[in-house]
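Worksheet: one structure, shown below.
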Amino acid sequence: MPRIERSAQVVWDGNLARGNGRISGDTGTFTDLPYTLASRIGNPDGKTSPEELLAAAHAGCFTTSLAGELVHDGTPPGHLEVHCTIVMDEVEGEGHQIVGSRVSVRIEVEGASDETLAAAVERADAGCPFSTLLRKAGAEVTVSRS
């Protein structure tokens, strides 16, 4: 696989407590997604956060990893639904840290046993660069099938 580089930018106006920011991807696929400190740590109120974007990135990465594993097994997915929740919490002496990522997977595939699906999910998690990154950073990553 070739080296991959993607980028985004944030524009922030004002102080931390009352300021606001806008997040945009350089591809133009998302632009000016609003966020504030209040929406980040409290009610999102229709705004995003870095943690929500990380959850989307982890879910997207895991999904492609799982699809690849299922194809490799000869049981390509008919439909995948992956939901990810990023958990940030206070860590004593370290401030707020990403401490976990919970991934839930729903798989629709013909001809695959539960054992085959479980093995594919395990390999997908091991092969997902975001799962690896989060674990190396000390976050707990859990993956479950629903």
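Read the figures in this text as sums done on the coordinates, not as results from a lab. These numbers were taken from a predicted model, which means no experiment stands behind them. Every residue, glycine as well, gets a Cβ built from its backbone with ideal geometry; the counts of neighbours run over all protein chains shown.
For ARG3 and ARG22, compute 0.36 nm times the residue count separating them, minus their Cα-Cα distance, and round to one decimal in nm.
Additional length available on full extension: 4.1 nm.
Among the complete DSSP H segments of the chain, which ones combine at least 27 Å of alpha-carbon extent along their axis with a mean Kyte-Doolittle hydropathy of 0.0 or more?
50-72
In this simple spin-label model, placing a label point 7 Å from the Cα along the Cα-to-Cβ direction at both THR64 and ALA118 gives a separation of 2.9 nm. A run of the chain free of exposed loop cleavage sites, with GluC sites (Glu not before Pro) counted only in DSSP states other than H, G, I, E and B and at most 13 other beta carbons within 10 Å, reaches its longest extent at 6-91. With equal scatterers on the alpha carbons only and no solvent term, can you work out the Debye log10 of I(q)/I(0) for the chain at 0.14, 0.16, 0.18 1/Å? With no solvent term, the Cα-only Debye profile gives -0.79, -0.96, -1.11. Taking 7 Å steps out from each Cα toward its Cβ at SER146 and THR132 produces label points 2.8 nm apart.
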